[in-house]
Structures are given as structure tokens and as C-alpha cells.
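Trainee: Provided herewith is a single structure, encoded as C-alpha cells, for subsequent inquiry.
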Amino acid sequence: MTNSQKTDGKQTDGKFATGNSIGKKFPSGTSGNPSGRPRLTKLTEALREQLSEEMPNAPERTVAEAIARTLIREAISGNIAAVKECFDRAEGKAPINLDVGNKDGEPLLITFSFNNSNTRLITDGE
């Protein structure tokens with residue numbers, strides 16, 4: 001082991017050393033998620049089915065379109081929660097930036113991104 005490599009298989013810069021078996025969990029060409037995306041829950045399936053149905057009193061619109069129209073009306077009337085929901089759905093949630101200090105007291109920027117239900121931690125070292 002060289003001075004630049006720690007016992008967890010990573011170098012001091014946080015990257016895995018060349019040829020390290022710890023960093024190679026899956027052989028090339030093999031998925032780390034062989035079953036694929038998890039199946040939808042029964043509730044999600046039921047909601048999607050109901051949202052795609054036509055409105056009984058307005059067959060040219062779906063239930064989802066009627067809900068969206070109601071949400072927009074609420075936003076226009078000044079309902080801040082509805083405004084936030086409209087923008088979160090249309091533009092995606094705004095990134096949350098937190099400034100914290102690292103072990104040397106220097107600022108460390110950490111950004112949490114909540115797009116497409118994937119949470120990813122991004123640090124200034126990336």
C-alpha cells in the first residue's frame with residue numbers, strides 16, 4: 001500500500017486506486033439493478049388510471065386536466081401553496097444550497113437536487 005492509498009481501497013483524493021477490486025462490484029456489462037425499476041404500487045396504478053379517465057360532465061377533458069385547471073385557478077387567486085405546486089411541477093423544485101464549513105473552516109457548498117425523484121449529493125470537489 002502506498003502513502004496515497006487508504007485502507008478502504010480509495011486514494012487520498014477519494015478515488016479508487018487502479019485495479020482495486022473494492023470499487024468493482026459489478027462485472028462489465030452486468031446491471032447493478034437486474035430487476036429494473038420497481039413496479040408501481042396498486043395506489044399509483046389506480047391513481048394513474050383515474051387521472052386518465054374523461055370527466056363525466058366534460059368528456060373533452062381528463063380528470064388530470066381538470067385538476068390542473070383547478071390548481072391554476074387557485075394559484076391565480078393567490079393561494080401560495082398552489083403557486084408553489086405549479087412551479088415545482090412545471091419547472092422542478094429549486095435547488096437548496098447550504099453553506100457549511102469543512103474541517104479547515106473553509107466553506108463547503110453542498111447542493112441537494114430533487115429532480116425526477118433522484119436525490120444526489122453534489123460537493124464542490126466534484
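Nothing in this text is a laboratory measurement; each read-out follows from the coordinates by a stated rule. Just so we're clear, the structure is a prediction, and the values are computed from it rather than from any experiment. Note that we place each Cβ from the backbone using ideal geometry, even for glycine, and neighbour counts take in every protein chain shown.
Trainee: Calculate the spin-label point distance for residue 45 paired with residue 31, positioning each point 7 Å from the Cα along the beta-carbon direction, and give it in nanometres.
Mentor: The answer from the label model is 1.9 nm.
Trainee: Taking the simple approach of a point 7 Å from Cα along Cα-to-Cβ for both residue 76 and residue 106, what is their distance in nm?
Mentor: It is 5.2 nm.
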